[in-house]
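The values are calculated or read from the model by the stated rules, or taken from the named source; none is laboratory data. These figures come from a predicted structure and were not determined experimentally. All Cβ positions, even for glycine, are placed from backbone atoms using ideal geometry, and neighbour counts span all protein chains on display. With ligands, DNA and RNA removed, areas are computed over all heavy atoms of the protein, side chains included. Shrake-Rupley method; radii C 1.70, N 1.55, O 1.52, S 1.80 Å.
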Amino acid sequence: MGSRRTLARALEAVEDFDEPSVDLEQYLTSPELAAHLCHFARLQGDLEERTVVDLGTGTGMLAIGASVAEPERVVGVEVDGDALAVARRNERRVLRRRVVDWIRADVSRPPLGVTDATVISNPPFGAQRGRRHADRRFLETARDLGAVSYTVHNEGSRSFVESFAADEGGEVTHAFAGEIPVDRRFDFHEAERTDLPVEVYRIEWSMGSE
């Protein structure tokens with residue numbers, strides 16, 4: 001994989017969504033955040049010789065970043081067919097070869113048949129009205145699929161994530177802060193650019209394979 005900085009530079013080639021969906025809260029995961037997450041996961045031994053599942057892969061940023069560590073298998077799950085087309089283009093752009101298995105499916109019912117995976121995800125935060133804790137169902141699927149998961153959440157989510165993990169037989173082992181630069185793309189955005197503070201949590205799921 002090389003250094004985190006080298007990976008971040010490579011991921012700068014990842015294209016944004018063609019027509020981002022406000023309902024799906026489609027924002028481009030920053031190359032720096034993706035590189036940090038994937039580099040840290042590799043240092044923890046969570047990528048190599050593992051099946052890695054990127055839930056709500058979007059542009060493919062995290063799946064492509066994880067694939068550089070050469071896991072046994074990388075799967076990108078996404079409900080939006082247009083986003084998957086972007087992810088496939090990004091795979092060719094960055095990796096120059098086919099590595100990721102792209103699957104169109106709802107994250108709550110991914111047809112994978114895998115357990116003991118490493119799950120990575122930058123889910124919607126539930127910022128839109130009526131979608132509070134939209135990231136919960138991503139955590140539920142991470143619990144079912146994964147021995148360990150890395151998920152990105154809005155700043156201030158620690159109590160929610162730790163409580164959910166504890167209730168479901170998991171434990172938050174690591175957390176770190178980051179930012180996602182958000183350019184003005186939807187009508188409700190007032191600033192031309194905002195740096196959205198986020199938090200990344202690593203959870204070990206003791207019940208994930210039961």
Only one residue in Asp167, Asp144 is within 19 Å of Leu55 (Cβ to Cβ) and open to solvent by 60 Å² or more (accessible area, probe 1.4 Å). Which one? Asp144
Which fully enclosed helices (runs of 4 or more DSSP H) of the stretch 3-122 have 1 or more residues being surrounded by fewer than 23 Cβ atoms within 10 Å (Cβ to Cβ)? 4-11, 31-43, 81-95
Tell me whether the stretch 120-135 contains one or more residues that are closer than 19 Å to Val198 by Cβ, modelled with pLDDT of 95 or more, aliphatic (A, V, I, L, M) and in contact with a strand residue (DSSP E or B) (Cβ under 8 Å, 6 or more places away or on another chain). yes
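Does Gly76 fit the bill of being at pLDDT 95 or above and at positive phi?
Numbers: at pLDDT 95 or above: yes; at positive phi: no.
So Gly76 fails the test.
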